[in-house]
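The values are calculated or read from the model by the stated rules, or taken from the named source; none is laboratory data. All of these numbers come straight from a predicted model, not from anything done at the bench. No Cβ is skipped: glycine too gets one built from the backbone with ideal geometry, and neighbour counts run over all protein chains shown.
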Amino acid sequence: MTDMTLAPPAPVALPLRDSLPWAVFAGLILMLAIYFVGAEEGATAVFDGLMIHEFVHDGRHLLGFPCH
(Lines give C-alpha, C1' and ligand atoms only; values in the text may rest on other atoms or scores of the structure.)
Protein backbone atom coordinates (compact mmCIF):
# COMPACT_ATOMS: atom_id res chain seq x y z
CA MET A 1 0.00 0.00 0.00
CA THR A 2 1.11 3.49 -0.59
CA ASP A 3 0.83 6.34 1.85
CA MET A 4 -1.35 8.73 -0.12
CA THR A 5 -3.28 11.59 1.40
CA LEU A 6 -5.80 13.79 -0.29
CA ALA A 7 -5.85 17.49 0.37
CA PRO A 8 -9.25 19.05 0.96
CA PRO A 9 -10.59 21.01 -2.00
CA ALA A 10 -10.06 24.74 -2.00
CA PRO A 11 -13.21 26.77 -1.26
CA VAL A 12 -14.78 28.54 -4.20
CA ALA A 13 -15.77 32.17 -3.78
CA LEU A 14 -19.26 33.01 -5.04
CA PRO A 15 -19.60 36.66 -5.97
CA LEU A 16 -22.68 38.41 -4.62
CA ARG A 17 -23.43 39.73 -8.09
CA ASP A 18 -23.96 36.18 -9.36
CA SER A 19 -26.10 34.95 -6.46
CA LEU A 20 -28.25 38.05 -5.85
CA PRO A 21 -30.78 37.40 -8.68
CA TRP A 22 -31.27 33.84 -7.42
CA ALA A 23 -31.75 35.07 -3.86
CA VAL A 24 -34.37 37.59 -5.02
CA PHE A 25 -36.15 34.92 -7.07
CA ALA A 26 -36.15 32.49 -4.13
CA GLY A 27 -37.46 35.23 -1.82
CA LEU A 28 -40.36 35.99 -4.18
CA ILE A 29 -41.26 32.32 -4.50
CA LEU A 30 -41.16 31.91 -0.70
CA MET A 31 -43.36 34.98 -0.17
CA LEU A 32 -45.84 33.65 -2.73
CA ALA A 33 -45.87 30.25 -1.01
CA ILE A 34 -46.39 31.84 2.41
CA TYR A 35 -49.30 33.88 1.00
CA PHE A 36 -51.01 30.79 -0.42
CA VAL A 37 -50.47 28.75 2.73
CA GLY A 38 -51.21 31.50 5.22
CA ALA A 39 -53.71 33.93 3.74
CA GLU A 40 -55.55 32.47 0.75
CA GLU A 41 -59.02 32.18 2.23
CA GLY A 42 -61.97 34.35 3.09
CA ALA A 43 -61.77 38.11 2.53
CA THR A 44 -58.16 38.05 1.33
CA ALA A 45 -58.74 35.35 -1.31
CA VAL A 46 -57.48 36.08 -4.80
CA PHE A 47 -59.20 33.05 -6.31
CA ASP A 48 -62.85 32.07 -5.89
CA GLY A 49 -63.70 28.88 -4.07
CA LEU A 50 -61.79 26.81 -1.56
CA MET A 51 -59.63 24.74 -3.91
CA ILE A 52 -56.32 26.36 -2.95
CA HIS A 53 -57.27 26.41 0.73
CA GLU A 54 -58.01 22.69 0.68
CA PHE A 55 -54.84 21.96 -1.29
CA VAL A 56 -52.58 23.61 1.33
CA HIS A 57 -54.76 22.78 4.35
CA ASP A 58 -52.42 20.29 6.04
CA GLY A 59 -49.37 22.47 5.41
CA ARG A 60 -51.27 25.36 6.95
CA HIS A 61 -51.77 23.44 10.19
CA LEU A 62 -48.21 22.09 10.13
CA LEU A 63 -46.85 25.67 9.98
CA GLY A 64 -49.19 26.89 12.71
CA PHE A 65 -51.59 29.04 10.67
CA PRO A 66 -55.15 28.96 12.03
CA CYS A 67 -57.90 28.36 9.52
CA HIS A 68 -61.00 27.16 11.38
### Scan of region 41-54 for residues that are assigned to a helix (DSSP H, G or I) and surrounded by 13 or more Cβ atoms within 10 Å (Cβ to Cβ), ordered by number
52, 53
### Query
Applying the selection to region 55-68, what residues are of a type in the set (Phe, Trp, Tyr) and either modelled with pLDDT of 85 or more or not in a loop (DSSP other than H, G, I, E, B) (or both)?
55
### Message
From the list 27, 38, 64, exactly one residue is touching a Lys or Arg at 6+ places or on another chain (Cβ under 8 Å) and either surrounded by 10 or more Cβ atoms within 10 Å (Cβ to Cβ) or without any contact (Cβ under 8 Å) to a residue 40 or more places away in the chain (or both). Which is it?
### Response
38
## Note on the structure
Note on region 1-36: residues within 23 Å of residue 58 (Cα to Cα) and at pLDDT below 90 are 33, 34, 35, 36
